[in-house]
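Accompanying notes for the structure given below.
The values are calculated or read from the model by the stated rules, or taken from the named source; none is laboratory data. All values reported here derive from a predicted model rather than from experimental measurement. Note that each Cβ is placed from the backbone with ideal geometry, even for glycine, and that neighbours are counted across all protein chains shown.
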């Protein structure tokens, strides 16, 4: 990905000086550009149903989606639903999810949430936020992931990437996830919340990194009040890009843009990590 031709070399007006209307317009322009940049943005956890997504999201804490996706096929083959997992031997479950880290605590959460789903929701993952957040190991972030991607209920997923970019974009100045969610929700229509979450997270993982953002290769640099926090030289910034945007991965990017699924790409031999 080459640097956009319209990258500004001077700071734009601080977000705090914007009117609410100007902020909303700028935020929606950023979302539009990110939609063009990442038309293939999806949840990066593999799942076939709400239960699998719930479990995968719980497992994703403090590890990578790549690691989770490598772990869950065998896990779901043995424990395909809440009833099966509720009857799992804890030691066996721990061993199966060990690669994801914090496996003892995660195993306890998976057993507890599976029991509650069986006992209180007839074995089906609930589709309401207020119910999901009562399950062991499930907070608002996990609940919104499940609601948006398994049930089609709009939600904003505030993980570390989303929170970082929301602050850099000037959409919020808060570090509290609930406040970030509220501030960003006010800028967009609910119908956009789920896909916005995917696009912002994609951008955070690929371009707008925590320590070395690739400002000079960023398609929304012209709209970002934080431009200049990272490398602004286009050629140097391009070397910082990750995943399918990284130099040398042009074929992967082309095939993702063509609509190939993650499973199809892996079957073709592509690695989907950074």
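Numbers for the structure displayed
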{"read-out": "Some residue of region 247-258 being surrounded by 15 or more Cβ atoms within 10 Å (Cβ to Cβ), more than 14 Å from residue 34 (Cβ to Cβ), touching a residue at least 24 places away in the same chain (Cβ under 8 Å) and out of contact with any helix residue (DSSP H, G or I) (no Cβ under 6 Å at 6 or more places or on another chain)", "value": "no"}
{"read-out": "Counted residues, region 251-264 - those being modelled with pLDDT of 95 or more, within 22 Å of the chain's Cα centre (by Cα) and not in a loop (DSSP other than H, G, I, E, B)", "value": "6"}
{"read-out": "Set 93, 75, 45, 59: member being closer than 24 Å to residue 208 by Cα and surrounded by 19 or more Cβ atoms within 10 Å (Cβ to Cβ)", "value": "45"}
{"read-out": "Single match in 118, 58, 66 (criterion: within 27 Å of residue 148 (Cα to Cα), part of a helix (DSSP H, G or I) and modelled with pLDDT under 95)", "value": "66"}
{"read-out": "Selection within region 169-181 - more than 20 Å from residue 19 (Cβ to Cβ) and either free of Cβ contacts under 8 Å to residues at least 24 places away in the same chain or surrounded by 16 or more Cβ atoms within 10 Å (Cβ to Cβ) (or both)", "value": "175, 176, 177, 179, 180, 181"}
{"read-out": "Filter pass, residue 202 being out of contact with any helix residue (DSSP H, G or I) (no Cβ under 7 Å at 6 or more places or on another chain), closer than 23 Å to residue 54 by Cα and at pLDDT 95 or above", "value": "yes"}
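Results for (1) closer than 29 Å to residue 148 by Cα; (2) surrounded by 14 or more Cβ atoms within 10 Å (Cβ to Cβ), shown as yes or no for each residue.
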site	(1), (2)
183	yes, yes
205	yes, yes
210	yes, no
227	no, yes
240	no, yes
263	yes, no
